[in-house]
Amino acid sequence: MFELLSRQIHGAPLLHNHFAPLGAKPLLLIVAFILTGFATTATYATNEPSAMAKKTASYAIAKYNKDIVQTLGRMVSFNTVANPDIPFEKNPAHLGFKKFLESEAKRLGFDFTDYGYVVVIGYGKSEDRVGVITHGDVQPVDPSKWKQSPFKLDTKSEPGRLLGRGTEDDKGPIASGLYAMKAIKDKKLALRKRIELYVYMAEESDWALLEAFLKTHKPPQMNITLDAEYPVVIAEKGYGTVQLTVPPQNPTIANTETYLSTFGGGFFGSQIPEDAYASINNATPAIEQEIKQRIAKQDKMQYSFSWKDRELQIKARGVSAHSSKPEDGVNAIAMLADALYFRSWQATTAGSMVNLINELLGTSLYGEKLGKAAYHDNFMGSMSVAPTVLKQTPEGIQLGINIRRPQGKDGVQLQREIQDALNSWQTKHVALHNVSIELSDPWIRKDAPQIQTLLSVFAHYTGIQDAKPISIGGGTNSRLFPNAVSFGPSMPGMVYSGHSEHEFISTKQLLLNLQMYTAVLVELAK
């Protein structure tokens, strides 16, 4: 999710001067975040990684620093977005990706087992196993927003960065895991445990398939998930969605009266929307100026205006981000609604939706306007609430709201509070259709036995001492595997690019991940 490299110079771990152009403050904020922002009350003593772990990790980045990029490029070339029109077992991109993993496993000297939606790449023979949990599917993408195809690894547009869909989430980690295992195999280390790399092919779309698989498959006794951030993730907010529809409205409007005729935006539910649009009929230049006065107060938003007779068409461009980290993006839907908030609009379908978003959500990230729903947990943070998709349907305009909720409030209570807020709004405005509220529970695992080892390796290779486990807003497959916690691939305190239209991993971060994963697997499997 984030970008940092630490190097060892003459054996001493030092923070790389990657942050030098930013000044000292961002680095201090990152350290403060790790040490205190989500610190637990537990004490974790860190120890120096073993000489064998450090030697093997150094060998990995010296030997495979080019191979790992080439393998990542091949993986990115497969468009592994879930396609509802093509069954998984017939999807050539998904089948091709699995076939490539099989060929890579054989080339590198590993065994390979295909279970359908799950493939397992293994090294070693022991019944005691360490699992490395990843996924090979990726989120949808808008190719028009990329400098070249998002399914071709771009190594040149932004020096030092590897751009492409899946580079950070989650094909980069697969490549790092493969070459960490390869370095261990090359060194012929005497390991007590077998290492297994799991690649699930529907993490972004359907967890039920993995849950069903694990009912009959015996997973490793200890697992690390490479789908979150450092230092160690032991807690995740619960995922939630609110769906509602403003049905077609036909208020009596005078021929010359101004009204909103269209309002839409967003791409998919777990992405902070980058685009939104609206049309105003019977608009005037004065209305355009009122909107421009409001957007002048907004940050990091771009707008374009065009006229078609007396219809004013507005396009808004924000910044896409993973919906679990709404602070990393700029929500185009919320900001366009705010730009239109110089008046209460006629109760057309579009006007009612704009009114609803402004009155129940606003531009806040944390749901303070949503009745009594907002709350905060000292460890897991605040509940986040983000409008992410507006769809035009025959039944009206459908709004999808993404929620990430911490511990500290019962799900039944939260659902009631959200429903109460919607009910209160409807009594004053229009009746909503197809209202649904789905909330999953937050997750926490404090007792995984490998936490101290992970923190020790992280401290050694970043120079950040006394780091504590953290909580994140996203959800990973750690929840489904025994003794699983997340370890990377991204550094906290910097913008996460996964799920965005500018996904990348820096070459430095890719190699740092390779180094740390190698050391961790040696320590856990020896």
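The values are calculated or read from the model by the stated rules, or taken from the named source; none is laboratory data. Not measured: the values here are computed from a predicted model. Here the Cβ is made from the backbone with ideal geometry for all residues, glycine too, and neighbour counts use every protein chain on show. These area figures cover heavy atoms from the full protein model, side chains too; ligands, DNA and RNA do not enter into them. Shrake-Rupley method; radii C 1.70, N 1.55, O 1.52, S 1.80 Å.
Among the residues of segment 186-204, those identified as surrounded by 17 or more Cβ atoms within 10 Å (Cβ to Cβ) and either assigned to a loop (DSSP other than H, G, I, E, B) or small (Gly, Ala, Ser) (or both) are Leu189, Leu191, Lys193, Met201, Ala202, Glu203, Glu204. Take the conditions of a type in the set (A, V, I, L, M) and touching an Asp or Glu at 6+ places or on another chain (Cβ under 8 Å) and apply them to Val118. Does it pass? It is false that Val118 is of a type in the set (A, V, I, L, M) and touching an Asp or Glu at 6+ places or on another chain (Cβ under 8 Å).
Name the residues in segment 383-397 that are surrounded by fewer than 19 Cβ atoms within 10 Å (Cβ to Cβ) and either in contact (Cβ under 8 Å) with a residue 12 or more places away in the chain or in contact with a Pro (Cβ under 7 Å, 6 or more places away or on another chain) (or both), would you?
Hits for segment 383-397 are Lys391, Gln392, Thr393, Glu395.
As a summary of the residue check, Gly131 satisfies the conditions (1) open to solvent by 20 Å² or more (accessible area, probe 1.4 Å); (2) in contact with a Phe, Trp or Tyr (Cβ under 8 Å, 6 or more places away or on another chain); (3) part of a strand (DSSP E or B); (4) not β-branched (Val, Ile, Thr) except for the one numbered (1).
Going by what's in this entry, would Arg165 be described as surrounded by 24 or more Cβ atoms within 10 Å (Cβ to Cβ), on the phi < 0 side of the Ramachandran plot and not hydroxyl-bearing (Ser, Thr, Tyr)? Before you say what the answer is, go through the steps one by one.
Numbers: surrounded by 24 or more Cβ atoms within 10 Å (Cβ to Cβ): yes; on the phi < 0 side of the Ramachandran plot: yes; not hydroxyl-bearing (Ser, Thr, Tyr): yes.
Criteria met by Arg165.
Among the residues of segment 101-112, how many are closer than 18 Å to Ile68 by Cβ and either open to solvent by 10 Å² or more (accessible area, probe 1.4 Å) or in contact with a His (Cβ under 7 Å, 6 or more places away or on another chain) (or both)?
Going through segment 101-112 one residue at a time, the tally reaches 6.
Looking only at residues in segment 134-158 that are of a type outside the set (D, E, K, R) and open to solvent by less than 10 Å² (accessible area, probe 1.4 Å), which one is nearest to Leu510 (Cα to Cα)? That would be Thr134.
Looking at segment 408-526, the strands (runs of 3 or more DSSP E) lying wholly inside it that each contain 3 or more residues that are open to solvent by 10 Å² or more (accessible area, probe 1.4 Å) and within 20 Å of Tyr239 (Cα to Cα) sit at 433-439. Evaluating Ala42 against the criteria (1) assigned to a loop (DSSP other than H, G, I, E, B); (2) surrounded by 14 or more Cβ atoms within 10 Å (Cβ to Cβ); (3) at pLDDT below 95 leaves one unmet condition, (2).
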